[in-house]
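Heads up: the structure comes next, in structure tokens.
Where a number appears in this text, it was derived from the coordinates with a stated rule and is not lab data. Since the structure is predicted, the reported quantities are computational estimates derived from the model, not experimental observations. Note that each Cβ is placed from the backbone with ideal geometry, even for glycine, and that neighbours are counted across all protein chains shown.
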Amino acid sequence: MQTIICKDYEEMSLRTAAMVADIIRRTLDALISFPGGDTPLGMVREFVRMVNEGELDISRAKFVMLDEWVGLNVADEGSCAYFLKTNLFGALQHPFADVFQFDGKTGDVGAMLRAHDAFITRNGGLTVSVLGIGMNGHLGFNEDGVDFSMRSHMTLLSDTTKRVMGKYFGGRDLPLTHGVTQGVAQIMEAKHVFVIANGEKKADIVARAINGPVDNAVPASVIQNHPNGCFVLDEGAAAKL
Ligand code: GLP
């Protein structure tokens with residue numbers, strides 16, 4: 001596992017996008033997963049710029065969603081699908097090969113999770129996964145205590161996640177209790193994994209993930225065991241390393 005420390009958010013975003021683009025240039029039919037949340041916005045914007053300006057060909061690439069709030073879908077501002085529609089899929093001016101999106105309002109979560117898992121398997125596993133890290137060390141909605149062997153699944157939101165989620169919904173506390181997510185097994189099978197984090201508020205959990213024991217109390221610590229795992233941090237998030 002590698003750790004890259006950047007001077008600020010912009011450098012973190014540009015470097016991550018450049019590394020992702022290099023992987024896609026080597027693997028044209030890549031299966032790509034980007035997170036929602038605040039952290040990836042700069043990285044996604046740079047990725048879109050590269051595609052739209054003809055620096056990166058994604059015509060054979062596919063995307064698969066990392067996670068979603070159960071009860072929300074692409075129509076809901078603050079959902080992961082809304083973030084991706086607004087900043088990625090709706091902004092790309094060139095076609096890509098395919099995408100699997102979660103619908104947190106589906107009446108059959110089990111069928112959606114089986115289809116999500118099958119989509120990832122059918123495409124040979126993830127080529128590149130970019131992940132944020134939650135304040136409790138979660139990856140996607142793999143909350144503290146998660147079973148590292150799980151694949152696509154539904155989970156209870158942790159108290160920490162429920163405490164901070166208002167920031168995605170204009171400060172409103174929505175009555176959300178569950179999330180759907182790729183599992184740690186699928187993330188660990190990805191060829192390349194980048195965990196991005198910025199700001200001093202993430203410094204404690206980032207230090208535990210990188211320097212602490214590999215333990216499901218801090219799910220992101222599992223990335224220590226990934227042969228091509230990489231934390232890309234700004235100086236604030238790296239402050240306690
Ligand atoms: C959210 C999402 C994750 C995201 C993480 C960090 O709850 N489930 O996919 O990566 O928490 O979010 P942020 O980047 O807003 O800090």
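Pull up the DSSP beta bridges for the stretch 69-195 and report the antiparallel fraction as a percent, rounded to 5. That works out to approximately 60 percent antiparallel. Treating each Cα of the stretch 27-92 as an identical point scatterer and summing with the Debye formula, the log10 of I(q)/I(0) at q = 0.15, 0.16, 0.28, 0.29 Å⁻¹ comes to -0.47, -0.54, -1.32, -1.37.
How large is the translational diffusion coefficient of the stretch 121-192 in µm² per second when you combine the Kirkwood radius over alpha carbon pairs with Stokes-Einstein at 4 °C and 1.567 mPa s?
Working: Rh = 13.1 Å.
Roughly 99 µm²/s, to the nearest whole number.
Taking only the alpha-carbon atoms of the stretch 105-155, what semi-axes of the equivalent ellipsoid follow from 5 times the gyration tensor eigenvalues under a square root, in whole Å, largest first? Don't skip to the answer; put the middle values down first.
Details: eigenvalues 81, 51, 20 Å².
Here the semi-axes work out to 20, 16, 10 Å.
Measuring nothing but alpha carbons in the stretch 1-112 and taking Rh as the Kirkwood radius, the Rg to Rh ratio lands at 0.98. For the chain, the number of Lys pairs separated by eight or more positions or lying on different chains, with C-alpha atoms closer than 18 Å, is 12. Each principal axis of the Cα atoms in the stretch 83-241 has its own extent, and those three values, largest first, are 41, 39, 35 angstrom. Between the stretch 8-49 and the stretch 79-124, what is the separation of their alpha carbon centroids in Å? Between the Cα centres of the stretch 8-49 and the stretch 79-124 lies a distance of 17 Å.
If we count GluC sites (Glu not before Pro) as exposed when they sit in a DSSP loop and have at most 14 other beta carbons within 10 Å, what is the longest stretch of the chain that avoids them all?
Working: sites that count: GLU53, GLU55, GLU77.
In short, 78-241.
Taken as entire DSSP H runs, the helices of the chain that both span 18 Å or more between Cα atoms along their own long axis and average -1.0 or more on the Kyte-Doolittle scale are 9-26, 109-122.
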